[in-house]
Amino acid sequence: MEKTLNISFIYGIDTVLALLLACGYCAIVKKKEMWLVWLYFSVFVANVGYFTLSISKTVEEALLANRLGYLGGVFLPLFMLMTIMKVCKVKCSTVAKAILITISSMVFLVAASQGYLTLYYKEVSLVFVNGMAKLQKVYGPLHNLYYIYLFAYFIAMLGVIIYAL
């Protein structure tokens, strides 16, 4: 039980620190980069998801917490890419931004379908490892989509940096 409290406690500290960094950036920096603000809060939302998952008592709570983690995690690469583009002074058209936001939203909807559809996870159950909640998952046919999505954003970020150099 002590190990569980420590892990949940660490998740809680991470969550509080992410919120403090986001609020600190908003309070201290006068000329804010909005994509960076979104990035900070995306990390906070993902951390809230991880923390609440660790203390979940039911499958429904754990699935909701997991969705929250994915909400932060899915949009994080988009915000990172936009921040990198801004720093590298690479322009992105409004249409391209709209397409990227739409793709990110669609990936989130697929990831959030857990517990409703079998696209992302075929089966989900809640298990407790050392007293901490953990989702036991059987992956569905679209689970690899998330890895492809992350890899595509990673390549795009590298591409922007190389282009800017």
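The values are calculated or read from the model by the stated rules, or taken from the named source; none is laboratory data. Since we're looking at a predicted model, the values are computed, not measured. Here the Cβ positions follow ideal geometry from the backbone for every residue, glycine too, while neighbour counts run over all protein chains shown. Quick note on the areas: whole protein, heavy atoms, side chains included, nothing else; ligands and nucleic acids left out. Shrake-Rupley method; radii C 1.70, N 1.55, O 1.52, S 1.80 Å.
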Practice prompt. Tell me, yes or no, whether the stretch 61-76 has at least one residue that is of a type in the set (Asp, Glu) and exposed (fewer than 14 other Cβ atoms within 10 Å of the Cβ).
Written response: no
Worksheet item: In the stretch 33-55, is there at least one residue being of a type in the set (Val, Ile, Thr), in a loop (DSSP other than H, G, I, E, B) and more than 30 Å from GLY131 (Cβ to Cβ)?
Response: no
Discussion item. So for the stretch 144-154 (the condition being surrounded by 13 or more Cβ atoms within 10 Å (Cβ to Cβ), touching a Leu at 6+ places or on another chain (Cβ under 8 Å) and part of a helix (DSSP H, G or I)), does at least one residue qualify?
Written reply: yes
Worksheet item: Any idea which residue in the stretch 131-143 is nearest to MET106 (Cα to Cα), counting only those that are loosely packed, with under 15 Cβ neighbours inside 10 Å and either β-branched (Val, Ile, Thr) or modelled with pLDDT under 90 (or both)?
Response: VAL138
Worksheet item: When you go through LYS122, LYS89 one by one, which is the residue that is at positive phi and either touching a residue at least 12 places away in the same chain (Cβ under 8 Å) or under 14 Å from the mean Cα position of the chain (by Cα) (or both)?
Response: LYS89
Item to complete: Might you check whether a residue that is within 23 Å of SER105 (Cα to Cα), in contact (Cβ under 8 Å) with a residue 40 or more places away in the chain and surrounded by fewer than 17 Cβ atoms within 10 Å (Cβ to Cβ) occurs anywhere in the stretch 34-51?
Response: no
Discussion item. Is it the case, given these coordinates, that GLY73 is under 23 Å from GLY24 (Cα atoms) and among the small types (Gly, Ala, Ser)?
Written reply: yes
Fill in: Single unsatisfied condition, PHE128 versus (1) open to solvent by 30 Å² or more (accessible area, probe 1.4 Å); (2) at pLDDT 95 or above
(2)
